[in-house]
Amino acid sequence: MCGIVGYIGNKKASGILLNGLAALEYRGYDSAGIAVLNDRIEVIKVKGKVADLVSACLSTKAALNGTIGIGHTRWATHGKPSKENAHPHSNDEFAIVHNGIIENFKEIDDFLFQHGYKKISATDTETILLLIDYFSKTLSTFEALKKAVSLLKGSFAIALIRANEERIYAAKKESPLLIGIKEDELFLASDVSAFLEHTKQFIPLEENDVAILEKNGTFHIYNNDMKVERPKKSVNWNLQTAKKGGFKHFMLKEISEEDEALANTIYAYVKNDDIDLDVDESLLKNTKRIIIVACGTSYYAGLTSKYFFEELLSIPTNVEIASEFRYAKPIVYEDDNTLFVAISQSGETADTKESLNLARKLGIKTISIVNVQESTIARLSDFVIYTLAGPEISVASTKAFVCQLAVLYMLALKIAKLKGIDVKNYVKELTAIPSILKQEFNRINSEIEQIAKKYFNVKNFMYLGRGISYPLSLEGALKLKEISYIHAEGYPAGELKHGPIALIDENTPTFVIAPNQEPFYSKTISNANEVKARNGKIILLSDKYFSIADDFIQSPTVSYYFSAFVNILPLQLFAYHIANILGNDVDQPRNLAKSVTVE
Ligand code: AGP
């Protein structure tokens, strides 16, 4: 997820672009750049934050006094954060910025290389630039853009300028792109926060729209070669609200983005039913043992995947808490082909980093699953598989969890495939999850808010689950603890009667996670009966209703190993609404940090 901005009007574009990028920085902040159209295209770009770009613009010899320009703040997906990979990508003729992921850029590169093109960067975006340049040899700019985007697979929001043309061209598919409207000037942006200080009037481009923005404030939108009119919208948001996309907190916004984050992560690696993780295949094929190490929510993603690894591969999969592992004495034998997997959203967590270093010292091959590109853990590991959740601003990790789980599942599926196991149905089931999550958020969000209103003033909460729902109960309890400050405990449901049932009374409600999969369903329901027998209140999360529930959250029916992907959402929403009702600083809860770089 990156931030795009464009301006065409009578004012100097550079300042407007830089302010717009600053407002969009929550979307990505590892590199940034602007391109301004003067008598030629002037491009300034840096590795680093928008503030670094501002200093580069202040110290450049370039005039930068053009009144037409585009800008970008990046969250790297293809190609590490660097000046070469930063946007805008340009040649003397064109400059382009892009938000999204082009899945077939490698094939297009091969075609372009055969036609004498060379690439400077490792990005999919430069491929689009060169493809447009190729078609512009025989077509007008607009036709060349349309031709190029018709060949792209994946998601994109594109802004393009061309030397000697006082226009901005735009194209949209899946990634958001808006035209901001003001008398005789126009803005282009990934979201309203980029131009909110100038106008609250805008038009959201729709799927497959391509547009031309003219200097005099007029614009034309086409779809499938037909000129189309799109409804004008307006917002009464302030900048902060805009960054949150109208949500009250980044946490709720990030939960609402789980479908998109998951789709981006899955389609970065799933290509035509095959999984390309860019990890040494012989290493994966010969794996006989897996050690997964992480902290907090990332650890619970690892613990949840253990069930799938062992079910699919029958390979012992140990999931370790990093702060324990780093001081432990892991038993590793020469020939046990151990694969070490470190999971970290930030890529900077000290205990996970040191566990990785320990594994390296023991000569174990290491893979890291990381969300922040080029972070320390990513750079330290032999192989890195990035989650593409986009920036996760809220301290409470949500969308990173589902993306981590998806990468772990794809790792298991890849190893299985290399060992000759047929995984087609599993891949199909995984690729179906994003659209289920999209519907689920809209369906249950307000319902869970109502349930939260009944439980926000309790002091203790129990979460129960069996099998794959046990680590989910741990993650559900962690979410509630870290943002509502209510004591909560996740527990294997079968363990309840061995102690914690002593905590149960009418003031300690229990969240029971019970996907309709035997033997887990009926066993979990009987544990819930034990709670009920002690006057405990039951919130039942399942795809099968049972009358024991004081509150029932219907979850969609998916197969057992994929129930974790759909059941995590209501657990995150429940914690969010409780914390919001309590008036807590949900995005920056007390005593916590987004990245724990100390031990
Ligand atoms: C989760 O909501 C917390 N922010 C915390 O437990 C976090 O998961 C843990 O600190 C690990 O962080 P990492 O994924 O960035 O390594």
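Given the criterion touching a residue at least 24 places away in the same chain (Cβ under 8 Å) and in contact with a Gly (Cβ under 8 Å, 6 or more places away or on another chain), identify the matching residue among ALA211, ALA170.
Working: ALA211 fails: in contact with a Gly (Cβ under 8 Å, 6 or more places away or on another chain).
Testing whether each residue is touching a residue at least 24 places away in the same chain (Cβ under 8 Å) and in contact with a Gly (Cβ under 8 Å, 6 or more places away or on another chain) leaves just ALA170.
What number of residues within the stretch 263-296 satisfy the criterion of being crowded, with 24+ Cβ neighbours inside 10 Å, within 16 Å of the ligand (Cβ to nearest atom) and assigned to a helix (DSSP H, G or I)?
Number satisfying all stated conditions: 1.
Cβ-Cβ distance below 6 Å, separation of 6 or more or different chains: which pairs start in the stretch 404-420 with a residue that is farther than 11 Å from LEU312 by Cβ and among the small types (Gly, Ala, Ser) and end on one that is part of a helix (DSSP H, G or I) and away from the ligand (no atom under 16 Å from the Cβ)?
ALA406/LEU262; ALA406/ILE266
Answer with yes or no whether TYR485 is within 16 Å of the ligand (Cβ to nearest atom) and within 19 Å of ASN516 (Cα to Cα).
Working: within 16 Å of the ligand (Cβ to nearest atom): yes; within 19 Å of ASN516 (Cα to Cα): no.
Answer is no for this residue.
Out of the stretch 583-597, which residues are small (Gly, Ala, Ser) and within 12 Å of the ligand (Cβ to nearest atom)?
Correct list: ALA593, SER595.
For the structure I just gave you, tell me whether VAL43 is surrounded by fewer than 23 Cβ atoms within 10 Å (Cβ to Cβ), farther than 11 Å from TYR29 by Cβ, in contact with a helix residue (DSSP H, G or I) (Cβ under 9 Å, 6 or more places away or on another chain) and touching a residue at least 12 places away in the same chain (Cβ under 8 Å). I'd like the intermediate steps shown before the answer.
Working: surrounded by fewer than 23 Cβ atoms within 10 Å (Cβ to Cβ): yes; farther than 11 Å from TYR29 by Cβ: yes; in contact with a helix residue (DSSP H, G or I) (Cβ under 9 Å, 6 or more places away or on another chain): no; touching a residue at least 12 places away in the same chain (Cβ under 8 Å): yes.
Here the answer is no, as VAL43 does not meet what is asked.
Is it the case that ALA528 is part of a helix (DSSP H, G or I), of a type in the set (A, V, I, L, M), more than 30 Å from ALA263 (Cβ to Cβ) and modelled with pLDDT of 95 or more?
Numbers: part of a helix (DSSP H, G or I): yes; of a type in the set (A, V, I, L, M): yes; more than 30 Å from ALA263 (Cβ to Cβ): yes; modelled with pLDDT of 95 or more: yes.
Yes; evaluated as a whole, the condition is true for this residue.
This table checks each residue for (1) among the small types (Gly, Ala, Ser); (2) touching a residue at least 60 places away in the same chain (Cβ under 8 Å).
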residue	(1), (2)
GLU183	no, no
SER193	yes, yes
LEU196	no, yes
THR199	no, no
ILE203	no, no
ASN216	no, no
ARG230	no, no
LYS243	no, yes
HIS249	no, yes
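If CYS403 satisfies every condition in (1) crowded, with 22+ Cβ neighbours inside 10 Å; (2) part of a loop (DSSP other than H, G, I, E, B); (3) within 12 Å of the ligand (Cβ to nearest atom) but one, which is the exception?
It fails just one condition, (2).
What are the residues in the stretch 327-355 that are among the basic types (Lys, Arg) and within 13 Å of the ligand (Cβ to nearest atom), if any?
LYS353, the sole residue that qualifies.
Looking at GLN439 and the list (1) at pLDDT 95 or above; (2) assigned to a helix (DSSP H, G or I); (3) closer than 24 Å to SER555 by Cα, which single condition is not satisfied?
(1)
GLY363: free of Cβ contacts under 8 Å to residues at least 40 places away in the same chain and part of a loop (DSSP other than H, G, I, E, B), yes or no?
Spelling it out, GLY363 is indeed free of Cβ contacts under 8 Å to residues at least 40 places away in the same chain and part of a loop (DSSP other than H, G, I, E, B).
Output the residue which, of all residues in the stretch 383-397 that are under 16 Å from ALA294 (Cβ atoms), of a type in the set (Ser, Thr, Tyr) and part of a loop (DSSP other than H, G, I, E, B), is farthest from the ligand (Cβ to nearest atom).
It comes out as THR387.
Starting from the stretch 141-159, take each residue that is at pLDDT 95 or above and among the aromatic types (Phe, Trp, Tyr) and list its partners that are surrounded by 21 or more Cβ atoms within 10 Å (Cβ to Cβ) and in a strand (DSSP E or B), counting only C-beta distances under 9 angstrom and pairs at least six apart or across chains.
Taking only residues 6 or more apart or on different chains, the pairs are PHE142/TYR169; PHE142/VAL210.
Name the residue, out of PHE511, PHE574, PHE520, that is crowded, with 18+ Cβ neighbours inside 10 Å and free of Cβ contacts under 8 Å to residues at least 60 places away in the same chain.
Every option except PHE520 fails the conditions.
Say we look at the stretch 415-436 and pick out the residues that are among the hydroxyl-bearing types (Ser, Thr, Tyr) and either at pLDDT 95 or above or within 18 Å of SER305 (Cα to Cα) (or both); which of these is surrounded by the fewest Cβ atoms within 10 Å (Cβ to Cβ)? Step through it out loud before you land on a result.
Here is the first cut: in the stretch 415-436, the residues among the hydroxyl-bearing types (Ser, Thr, Tyr) are 426, 431, 435.
Next cut, either at pLDDT 95 or above or within 18 Å of SER305 (Cα to Cα) (or both) only: 426, 431.
On the way: TYR426: 21, THR431: 16.
Ranking the qualifying residues of the stretch 415-436, first place goes to THR431.
Can you name the number of the only condition in (1) crowded, with 23+ Cβ neighbours inside 10 Å; (2) assigned to a helix (DSSP H, G or I); (3) out of contact with any Asp or Glu (no Cβ under 9 Å at 6 or more places or on another chain) that ALA502 fails?
(1)
Out of the stretch 381-394, which residues are among the hydrophobic types (A, V, I, L, M, F, W, C), at pLDDT below 95 and surrounded by fewer than 24 Cβ atoms within 10 Å (Cβ to Cβ)? Write out each step before concluding.
Going residue by residue through the stretch 381-394, those that are among the hydrophobic types (A, V, I, L, M, F, W, C) are 383-385, 388-389, 393.
Next, from what is left, pick out any that are at pLDDT below 95: 388-389, 393.
Passing the criteria: only ILE393.
Which of the residues spanning the stretch 359-370 are within 16 Å of the ligand (Cβ to nearest atom) and farther than 17 Å from ALA406 by Cα?
First, pick out the residues of the stretch 359-370 that are within 16 Å of the ligand (Cβ to nearest atom): 359, 366-370.
Within the stretch 359-370, ALA359, THR366 qualify.
For the stretch 178-204, which positions are under 24 Å from the mean Cα position of the chain (by Cα), modelled with pLDDT of 95 or more and farther than 16 Å from ILE68 by Cβ?
Of everything in the stretch 178-204, just one residue is under 24 Å from the mean Cα position of the chain (by Cα), modelled with pLDDT of 95 or more and farther than 16 Å from ILE68 by Cβ, namely LEU178.
Only one of PHE511, PHE461, PHE520 is in contact with a strand residue (DSSP E or B) (Cβ under 9 Å, 6 or more places away or on another chain) and more than 22 Å from ALA396 (Cβ to Cβ); which? Quick ask: steps written out before the conclusion?
Details: PHE511 fails: more than 22 Å from ALA396 (Cβ to Cβ); PHE461 fails: more than 22 Å from ALA396 (Cβ to Cβ).
Exactly one residue qualifies, and that residue is PHE520.
Condition first: more than 16 Å from the ligand (Cβ to nearest atom) and surrounded by fewer than 22 Cβ atoms within 10 Å (Cβ to Cβ). Now tell me which residues in the stretch 297-316 satisfy that.
First, the residues of the stretch 297-316 that are more than 16 Å from the ligand (Cβ to nearest atom): 306-316.
Hits for the stretch 297-316 are LYS306, TYR307, GLU310, GLU311, LEU312, LEU313, SER314, ILE315, PRO316.
Let's see how each residue does on (1) touching a residue at least 40 places away in the same chain (Cβ under 8 Å); (2) of a type in the set (D, E, K, R):
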{"site": "LYS288", "(1), (2)": "yes, yes"}
{"site": "ILE292", "(1), (2)": "yes, no"}
{"site": "PHE309", "(1), (2)": "yes, no"}
{"site": "THR317", "(1), (2)": "no, no"}
{"site": "GLU320", "(1), (2)": "no, yes"}
{"site": "TYR327", "(1), (2)": "no, no"}
{"site": "ASN337", "(1), (2)": "yes, no"}
{"site": "GLU348", "(1), (2)": "yes, yes"}
{"site": "LYS353", "(1), (2)": "no, yes"}
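Has the stretch 419-426 got at least one residue that is in contact with a helix residue (DSSP H, G or I) (Cβ under 9 Å, 6 or more places away or on another chain), of a type in the set (D, E, K, R) and assigned to a helix (DSSP H, G or I)?
Within the stretch 419-426, the first condition is being in contact with a helix residue (DSSP H, G or I) (Cβ under 9 Å, 6 or more places away or on another chain), and the residues that meet it are 419, 421-423, 426.
Keeping just the survivors that are of a type in the set (D, E, K, R) gives 419, 422.
Imposing the further condition that a residue be assigned to a helix (DSSP H, G or I) reduces the set to none.
Scanning the stretch 419-426, I find no residue that is in contact with a helix residue (DSSP H, G or I) (Cβ under 9 Å, 6 or more places away or on another chain), of a type in the set (D, E, K, R) and assigned to a helix (DSSP H, G or I), so the answer is no.
The values are calculated or read from the model by the stated rules, or taken from the named source; none is laboratory data. Everything numeric here is computed off the predicted structure, so don't read it as measured data. No Cβ is skipped: glycine too gets one built from the backbone with ideal geometry, and neighbour counts run over all protein chains shown.
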